[in-house]
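One structure is given here, and the rest of the page talks about it.
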Amino acid sequence: MVSLVKHPHPRERRLVFKNVDRPGWSPDIDTYLQDGGYDDLKKGFGMKPQEIVGEVKTSQLRGRGGAGFSCGMKWGFIKPDEKKPVYLICNADESEPGTFKDRYIIHQDPHQLLEGMILSCYAVNARLAYIYIRGEFPEGARILERAIQEAHARGFLGKNILGSGFDLEIFVHRGAGAYICGEETGLIESLEGKRAYPRIKPPYFPAVLGLYQCPTIVNNVETLCNVKHIVRLGGAEFAKIGRPNNTGTRILCVSGDVQKPGYFELECGAVTMGELLNDLCGGPKPGRKFKAVIPGGSSAKVLRADDTYKIKVKQPDGSMADQELKFDDIVLDFDSLAAVGSMAGSGGVIVMDDSRDMVWALNNINEFYAHESCGQCTPCREGSLWMKKITDRLAGGYGVAADPRTLKSVADNIAGRTICAFGEACAWPVQSFLQKFPEDFAGAAAKNELPRGARTALEALNPALAAAAAERH
Amino acid sequence: MSAAAEEIPTLPSVPAELEARIDEAITHYPPDFKRSATLPLLHLLQEHFGFLGAGTEEWVAHKLGLEPVNVYEVITFYPMFRRAPAGRHHIRVCRTLSCALGGSYELMRQLCELAKIDRSHATHHAPVSNAADGKFSIEFVECLASCGTAPVCMVDDDFYENVATKEAAAQILQRYE
Ligand SMILES: Cc1cc2nc3c(=O)[nH]c(=O)nc-3n(C[C@H](O)[C@H](O)[C@H](O)COP(=O)(O)O)c2cc1C
Ligand code: SF4
Ligand code: FES
């Protein structure tokens, strides 16, 4: 179902989301063509592939999937005279909790994505590309398949596209409910028909050894859409949008305890946290205050709304000096969020107000990671489950005084010791919630003493419940 | 395999029309890498039969030139594949943080009540609970990428946003026969 039409906020700059919720818009190719669709593709075919790579480098576009890696640099790893086939994969797994942007592009503007993909494939000389879409978007998969057929019929896909001599096929590949398929090497394994076990880097950097052991570019939906706009505007002009090293727009997805949640496409760094939450999202619910904000998808470290943050700022003479920053004044771009100890991640901003218990919130997050660990690495497989068990009993009123310490030590022993970044993704919430909200955890933990000899706190404190739980599992 | 696994009903024979779609899906991948079609084939079979019956491993393996275990390990890894029939309509409720903040646990409780489903036996490895009358089945799933319109759920392939009241939940269920 299409969501209710929502008009862009005056502070938005709609580039990638230009056609999202646009009155009279539909995802078919005629609507897109009437609006100048595929003109940028024609322009792109007038350029050499290496020129497009150059423009993308000049644009300073950073990946929108989570890590914020330079797109031009990634593409630069593909040798222009590569002998093996090169593949391109669009990461449409959109599964990082709190993130809801690719969904709207896929459902409402599939041809923009295709145009961006065709240009990107031409730039890196990929003749076969896949859109890896999460299994829970069945309608999205059908819309993309229809769009691919339409593009074929008009000569934008297939052999000798628009007389350029360039051939390309794009196929949709559906996932089946596993979060780890969003991680690019897990995604590749999954696309090869296996369990989505991430591969170790090095040597398996996709751009070197990716799909079928060939060089492969994996980019997020939003990143690939941006390529179309870079070709249209030119890299230098694109780089003027936003801030240096944080160029272009960013789609921020706000959910949780605000009056008006939703998505907002803004120039990178155009608003502060306070402006986003109060001006664009209408502030907290009546009678409430903001307590905690996770700024970049559930893996990003949580920020405390009543904290001040110390950041290093470059002075006119080039030296660095400390500056104090209130929560409301944090600028929402890649570098500023990194400076306050979190990350812009996937753009998913999850807000919690003072009615929320942080132990409960962390327990919800821990349950997600415990469920989604692929199970290859012991610290992640076991640790994510232990962390969930600990917060589960804390939230249930069976915590013991040692729990926050145990929790921290488990998290500390996962981060940095795993094959993929899921290890950090599950450790960071635990570490940051404990650090930022020690009082919530101490309060929950203080309730009980662990009697000697008990194997688990639950067993000691509520034997009947422990027996019932053991039976369930 | 556990005793439960042995009770899986057998995969019925695959009709020609479905096999034609399966053969077409295989062409989406380079001829040397037919294994890539494992997930698409499993999706097609599950969509058609409602679940992956006993013998699915062998059938898909034969089609793609694999060992049955290659298919088995895929089926057991991905949460969307199931080995037992679900209800005529399958409900997925998002469990993750933004939806939980918006009341998804309450939504789950209401849906179970309305659809007469007992979820008390749901576990990590058997997350789906069926109604006794076979009409609906239900499970919690993780973030469905629509957190701004929490709480959200799916019934079969249909997606529903802002399902924040029992009336809204009841209206959704009424649409299904
Ligand atoms: C655990 C994990 C989950 C991820 N999930 C997604 C996802 O759902 N969508 C996405 O685009 N990238 C996801 N990523 C990032 C990808 O690995 C990869 O960096 C990205 O697709 C690259 O595209 P970009 O450079 O355009 O951002 C995930 C990474 C990790 C470690
Ligand atoms: S860190 Fe976790 S998700 Fe990543 S490979 Fe290891 S076990 Fe799998
Ligand atoms: S948390 Fe429910 S859709 Fe994201």
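The values are calculated or read from the model by the stated rules, or taken from the named source; none is laboratory data. Quick caveat, the model's predicted, so the values are computed rather than measured. Neighbour counts are summed over all protein chains in view; Cβ atoms, including those assigned to glycine, are modelled from backbone coordinates with ideal geometry. SASA here: full protein model, heavy atoms, side chains in, ligands and nucleic acids out. Shrake-Rupley method; radii C 1.70, N 1.55, O 1.52, S 1.80 Å.
If I ask for residues that are over 13 Å from A:VAL124 (Cβ atoms), within 8 Å of ligand 1 (Cβ to nearest atom) and basic (Lys, Arg), which ones from region A:61-110 would you list?
Across region A:61-110, the qualifying residues are A:ARG62, A:ARG64.
Quick one: A:MET117 ticks every box in (1) more than 20 Å from the chain's Cα centre (by Cα); (2) surrounded by 23 or more Cβ atoms within 10 Å (Cβ to Cβ); (3) not in a strand (DSSP E or B) bar one, so which box is it?
(1)
Each row is one residue, and each column tells you yes or no for (1) surrounded by fewer than 24 Cβ atoms within 10 Å (Cβ to Cβ); (2) away from chain B (no Cβ under 14 Å).
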{"position": "A:PHE205", "(1), (2)": "yes, yes"}
{"position": "A:TYR212", "(1), (2)": "yes, no"}
{"position": "A:VAL218", "(1), (2)": "no, yes"}
{"position": "A:CYS225", "(1), (2)": "no, yes"}
{"position": "A:ILE230", "(1), (2)": "no, yes"}
{"position": "A:LEU233", "(1), (2)": "yes, yes"}
{"position": "A:PHE238", "(1), (2)": "no, yes"}
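Of everything in region A:240-255 that's within 14 Å of another protein chain (Cβ to nearest Cβ) and closer than 18 Å to A:VAL331 by Cα, which residue is surrounded by the fewest Cβ atoms within 10 Å (Cβ to Cβ)?
Applying the filter and picking the extreme gives A:LEU252.
Just a yes or no: is a residue in region A:30-38 more than 14 Å from every other protein chain (Cβ to nearest Cβ), open to solvent by less than 70 Å² (accessible area, probe 1.4 Å) and within 14 Å of ligand 1 (Cβ to nearest atom)?
The answer is no; no qualifying residue exists.
Just checking, which of A:SER255, A:SER342, A:SER336, A:SER299 is within 16 Å of ligand 2 (Cβ to nearest atom) and either hydroxyl-bearing (Ser, Thr, Tyr) or farther than 30 Å from A:LYS42 by Cα (or both)?
A:SER299
Kindly indicate the residue of region A:195-239 that is basic (Lys, Arg) and touching a Ser or Thr at 6+ places or on another chain (Cβ under 8 Å) and also farthest from B:PRO30 (Cα to Cα) among those meeting that condition.
Applying the filter and picking the extreme gives A:LYS201.
Quick one: which of A:ARG62, A:ARG134 is away from ligand 3 (no atom under 16 Å from the Cβ), charged (D, E, K, R) and within 23 Å of the chain's Cα centre (by Cα)?
That would be A:ARG62, the only listed residue that is away from ligand 3 (no atom under 16 Å from the Cβ), charged (D, E, K, R) and within 23 Å of the chain's Cα centre (by Cα).
Residue by residue, here is whether (1) of a type outside the set (A, V, I, L, M, F, W, C); (2) touching a His at 6+ places or on another chain (Cβ under 9 Å); (3) more than 11 Å from chain B (Cβ to nearest Cβ) holds:
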position: A:ASP317; (1), (2), (3): yes, no, yes
position: A:PHE327; (1), (2), (3): no, no, yes
position: A:VAL331; (1), (2), (3): no, no, yes
position: A:ALA344; (1), (2), (3): no, no, yes
position: A:VAL351; (1), (2), (3): no, no, no
position: A:LEU362; (1), (2), (3): no, no, no
position: A:ASN366; (1), (2), (3): yes, no, no
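Of all residues in region B:52-81, which are within 24 Å of A:PRO138 (Cβ to Cβ), more than 8 Å from chain A (Cβ to nearest Cβ) and among the hydrophobic types (A, V, I, L, M, F, W, C)?
B:LEU52, B:TRP59, B:VAL60, B:VAL71, B:ILE75
Does region B:30-51 hold any residues that are among the aromatic types (Phe, Trp, Tyr) and more than 7 Å from chain A (Cβ to nearest Cβ), and which are they?
Passing the criteria: B:PHE49, B:PHE51.
Please state which of the following conditions A:LEU168 fails to meet, knowing it meets all the rest: (1) within 13 Å of chain B (Cβ to nearest Cβ); (2) open to solvent by less than 10 Å² (accessible area, probe 1.4 Å).
With respect to (1) within 13 Å of chain B (Cβ to nearest Cβ); (2) open to solvent by less than 10 Å² (accessible area, probe 1.4 Å), A:LEU168 is out only on (1).
If the requirement is being within 11 Å of another protein chain (Cβ to nearest Cβ), part of a strand (DSSP E or B), open to solvent by 40 Å² or more (accessible area, probe 1.4 Å) and more than 16 Å from ligand 3 (Cβ to nearest atom), which of these qualifies: A:ARG127, A:ARG142?
Selected residue: A:ARG127, the only one of A:ARG127, A:ARG142 that is within 11 Å of another protein chain (Cβ to nearest Cβ), part of a strand (DSSP E or B), open to solvent by 40 Å² or more (accessible area, probe 1.4 Å) and more than 16 Å from ligand 3 (Cβ to nearest atom).
Can you name the residue in region B:129-165 that is in a strand (DSSP E or B) and open to solvent by 50 Å² or more (accessible area, probe 1.4 Å) and is also nearest to the other protein chains (Cβ to nearest Cβ) among such residues?
Filtering region B:129-165 for residues that are in a strand (DSSP E or B) and open to solvent by 50 Å² or more (accessible area, probe 1.4 Å), the one nearest to the other protein chains (Cβ to nearest Cβ) comes out as B:ASP158.
Which one of these does A:GLU189 not meet: (1) without any contact (Cβ under 8 Å) to a residue 12 or more places away in the chain; (2) within 16 Å of ligand 2 (Cβ to nearest atom); (3) surrounded by fewer than 20 Cβ atoms within 10 Å (Cβ to Cβ)?
Exception for A:GLU189: condition (3).
Would you say B:ILE117 is more than 16 Å from ligand 3 (Cβ to nearest atom) and either more than 12 Å from chain A (Cβ to nearest Cβ) or in contact with an Asp or Glu (Cβ under 8 Å, 6 or more places away or on another chain) (or both)?
It is true that B:ILE117 is more than 16 Å from ligand 3 (Cβ to nearest atom) and either more than 12 Å from chain A (Cβ to nearest Cβ) or in contact with an Asp or Glu (Cβ under 8 Å, 6 or more places away or on another chain) (or both).
Does A:ALA92 fit the bill of being at pLDDT below 95 and either assigned by TED's automatic domain parsing to the domain that holds A:ILE217 or in contact with a helix residue (DSSP H, G or I) (Cβ under 6 Å, 6 or more places away or on another chain) (or both)?
So A:ALA92 does not fit the description; no.
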